[in-house]
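Each remark here refers to the structure printed beneath this line.
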Amino acid sequence: MNDLIKKTFIGSIQLIIGLGFMLFAPAWTFDFWQAWVYLLIFSISTGLIVIYLYTHDSKLLSRRLNRIEKEDSQRKIQFLIYITYLVLFVVSSLDHRFLWSNVPFSMVILGDVFVAIGYLIIFFVLKENTFAASTIEVSSDHKVISTGLYAIIRHPMYLGGIVLLLGTPMALGSWWGMLPFVFITFFIVLRLLDEEKFLSQGLSGYNEYCQKTRYRLVPLVW
């Protein structure tokens with residue numbers, strides 16, 4: 001087993017175990033079918049993405065394993081996103097434990113659909129952009145990607161993440177989980193704006209791309 005496979009396998013197992021802990025520990029029960037379905041969608045989606053990257057773009061997979069930001073501003077924003085991400089799951093899990101919300105079955109399924117669509121968007125982004133690392137940086141061979149979803153909006157990866165996160169509280173049967181979702185969306189927008197500033201200064205052709213592709217996150221809106 002080479003180092004990339006080993007690191008990816010260990011990282012994937014850690015993510016699944018960590019997510020399972022956040023879902024079931026605050027709920028204090030395994031009798032939480034919404035969480036089991038969510039964990040299944042997460043595992044299948046991330047597993048398929050990892051398999052695709054390993055077989056088609058191992059360099060990008062290696063880039064995705066590095067999650068330490070170099071820029072101080074991005075480290076702060078990354079921390080806020082990480083904390084709010086944890087809060088979203090904990091609140092949703094506590095919601096199940098104390099029965100704060102009454103989310104209809106149809107809305108739970110809709111939430112699962114949003115989660116799946118979010119991962120599908122992320123897959124198309126990774127398929128199109130070999131420079132889509134987990135951190136914001138410009139490599140020596142970095143070039144602007146303007147095809148696929150990048151021809152419509154400048155930050156399709158963030159759109160996929162927001163769609164995924166929007167569906168998460170509903171998929172877990174929690175209305176209260178929508179509150180941390182609002183905050184995490186705000187922090188993602190801050191990250192997006194800071195990233196644009198960084199790329200406009202360090203990536204050749206990025207300013208021209210921004211002039212051509214007007215919308216950052218939502219087509220025809222912003």
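Each value in this text was obtained by applying a stated rule to the coordinates, not by laboratory testing. These numbers come from a predicted model, not from an experiment. Positions of Cβ are backbone-derived with ideal geometry, glycine not excepted, and every protein chain shown enters the neighbour counts.
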Selection within segment 94-106 - touching a Gly at 6+ places or on another chain (Cβ under 9 Å) and surrounded by 15 or more Cβ atoms within 10 Å (Cβ to Cβ): Asp95, His96, Ser101, Val103
Enumerated helices (runs of 4 or more DSSP H) restricted to segment 143-222, each holding at least 1 residues that are under 20 Å from the mean Cα position of the chain (by Cα) and in contact (Cβ under 8 Å) with a residue 60 or more places away in the chain: 156-171, 178-202
Residue match in segment 5-12 (condition: free of Cβ contacts under 8 Å to residues at least 40 places away in the same chain and either in contact with an Asp or Glu (Cβ under 7 Å, 6 or more places away or on another chain) or surrounded by 12 or more Cβ atoms within 10 Å (Cβ to Cβ) (or both)): yes
Subset of segment 17-51 [surrounded by fewer than 15 Cβ atoms within 10 Å (Cβ to Cβ), in contact (Cβ under 8 Å) with a residue 12 or more places away in the chain and in a helix (DSSP H, G or I)]: Gly47, Leu48
Condition check for Val87: touching a Leu at 6+ places or on another chain (Cβ under 7 Å), surrounded by fewer than 20 Cβ atoms within 10 Å (Cβ to Cβ), touching a residue at least 60 places away in the same chain (Cβ under 8 Å) and not polar (S, T, N, Q): no
Leading residue by the ranking (farthest from Ser43 (Cα to Cα)) among those in segment 92-125 that are in contact with a helix residue (DSSP H, G or I) (Cβ under 7 Å, 6 or more places away or on another chain) and among the hydroxyl-bearing types (Ser, Thr, Tyr): Ser101
Residue among Leu80, Leu40 that alone is in contact with a helix residue (DSSP H, G or I) (Cβ under 6 Å, 6 or more places away or on another chain) and farther than 17 Å from Ile122 by Cβ: Leu80
